[in-house]
Amino acid sequence: MKGIFTALMCSFDEKGQVNEKGLREIIRYNIDVQKVDGLYINGSTGENFLISTEQKRQIFEIVKDEVKDQVTLIAQIGSLNIDEAVELAQFVTELGYDAISAVTPFYYKFDFEEIKDYYNTILENVNNKMIIYSIPALTGVSMNLDQFGELFENEKIIGVKFTAPDFFLLERLRHAYPEKLIYSGFDEMLLSASVLNVDGAIGSTFNVNGSRARQIFELAQKGQIAEAREIQRVTNDLIAAILDNGLYPTIKEILKTKGVDAGVCRKPMKALTEEKVQRAKQIAEKYL
Ligand code: MN9
């Protein structure tokens, strides 16, 4: 379960339907070209919060069918509808997914007892391992060291996808819970997180830049920090350009330059203007 995991994109057509052929191409590109250790399905990058339950099931099925047992698969099943979360957790477990992950419940200001109950309820209903998905900037939910500790008391909770720029908390978590898996969630901070000895990383830009992410992670583990810093710098030039042009649609456009039918993003995400399509192509040419 350690290593570099792509937060998998999904290919959608103009009507917003899943483009199965395109999705399979994105998967193959990640495994065969970027050579990542695993895939994280239906997270933020998969546009999970913009699609129907039926589409989530469809994506989980296609991914498992394409991947079989070639790489590790983590299914993000978290939902504000706890019944949906349980149902999807059971669905992917039957499909043979290696672990599930659930975003902290958001929108309503749930207190910690409610958040804890959410995780424990899902896990009472499914026999699988759970990775907490913590992304305070998008959910508004921040948990402290003690609260992570309380969640980790449930033995089925094996780790956290830590998408926050809080390196103090990250270091405290690493020190306090050496047996839990910690995945770095911000690709632009991978080196800093790797120095703190995370177990791996899960990221959107790995769809196109996974091989550099691996180099950063592995060099840091070997203590070759200067070399890792140089690759993180190039990576961050790339990420800054992608963020400036529009994160997910630009990654899809870059995938298209590699012959991968990545489709478009779901509304209300907007399509790239022609100028931004050209810019995406230039970014691909310059960095990838
Ligand atoms: O899964 C991703 N988070 C989101 C993690 O997309 C919200 C990251 O990979 C970021 O996209 C990336 C760019 O900021 O670090």
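Readers should treat all values here as calculations from the given coordinates under stated rules, not as data from a laboratory. Small disclaimer: the values here were computed from a predicted structure and weren't measured. Backbone-built Cβ (ideal geometry, glycine too); neighbour counts: all protein chains shown.
The calculated pair-distance distribution of segment 1-150 uses every alpha carbon pair, bins of 10 angstrom beginning at 0, and gives 11, 42, 35, 12, 1 percent.
Could you calculate the contour length gain from R229 to Q147, that is, 0.36 nm times the residue separation minus the distance between their Cα atoms, to one decimal place in nm?
Details: separation 82, 0.36 × 82 = 29.52 nm, distance 3.25 nm.
My answer for the length gained is 26.3 nm.
For E124 and L95, calculate 0.36 nm times their separation in residues minus their Cα-Cα distance, and state this gained length in nm to one decimal.
8.6 nm
Computed from backbone phi, the HN-Hα couplings of segment 29-44 come to 4, 5, 7, 7, 9, 6, 6, 7, 7, x, 10, 10, 9, 6, x, 4 Hz, rounded to whole numbers (Karplus: 6.51 cos²θ - 1.76 cosθ + 1.60, θ = phi - 60°; Gly and Pro given as x). Note on the chain: GNM, Cα springs under 10 Å; of L39, L272, L73, the largest mean-square fluctuation is that of L272. Annotation: lysines with alpha-carbon distance below 19 angstrom to K116 (same-chain offsets under eight excluded): K129, K156, K161, K180. Comparing V195, I4, I242 along the charge dipole axis of the chain, the residue lying farthest to the positive side is I242, per the Cβ-charge model.
Between C10 and any residue 5 or more places off or on another chain, the built amide H atoms are never under 5 Å apart.
When the trypsin sites (Lys or Arg not before Pro) in segment 210-251 are filtered for DSSP coil states and for at most 15 other beta-carbon atoms within 10 Å of their beta-carbon, the remaining sites are K222. Are there any chymotrypsin sites (Phe, Trp or Tyr not before Pro) in segment 75-182 that are in a DSSP loop and have at most 12 other Cβ atoms within 10 Å? List them by number. In loop regions of segment 75-182 (DSSP not H, G, I, E or B), the sparsely surrounded chymotrypsin sites (Phe, Trp or Tyr not before Pro) are Y107, Y108. Helical content alone sets the calculated 222 nm signal of the chain at -15000 deg cm²/dmol, taking -39,500 (n - 2.57) per DSSP H segment of four or more residues and averaging over every residue. Site-free segments of the chain were taken between GluC sites (Glu not before Pro) in DSSP loops having at most 13 other Cβ atoms within 10 Å, sites themselves excluded; the longest one is 15-152. Percent antiparallel among DSSP beta bridges with both residues in the chain, to the nearest 5? Of those bridges, close to 5 percent are antiparallel. In summary, segment 104-173 shows an alpha-carbon radius of gyration equal to 1.06 times the 2.2 N^0.38 Å reference for compact globular proteins.
Across segment 3-224, C-alpha contacts under 8 Å between residues 6 or more apart give a mean separation that, scaled by the residue count, equals a relative contact order of 21 percent.
For segment 3-224, with only Lys/Arg (+1) and Asp/Glu (-1) charged at the beta-carbon, what is the dipole magnitude about the Cα centre, in debye rounded to 20?
Working: 20 positive and 33 negative charges, 148 e Å.
I would put it at about 700 debye.
For segment 35-69 and segment 252-266, what is the centre-to-centre distance using only Cα atoms, to the nearest Å? First find each Cα centre; the distance between them is then 16 Å.
Mind checking which of I41, I26, V141 is farthest towards the positive end of the chain's charge dipole, using Cβ charges of +1 (Lys, Arg) and -1 (Asp, Glu) about the Cα centre? Positive-end residue among those listed: I26. The lysines whose alpha-carbon is closer than 21 Å to the alpha-carbon of K281, local same-chain residues fewer than 8 away aside, are K252, K256, K258, K270. Estimated from the Cβ-Cβ distance and a Förster radius of 30 angstrom, the FRET efficiency linking L243 and Q70 is about 0.50.
Applying the Kirkwood pairwise sum to the alpha-carbon positions of segment 179-288 produces a hydrodynamic radius of 14.6 angstrom. Note that the chain, at 37 °C in a medium of 0.692 mPa s, gets a Stokes-Einstein diffusion coefficient of 173 µm²/s from its Kirkwood radius over C-alpha pairs.
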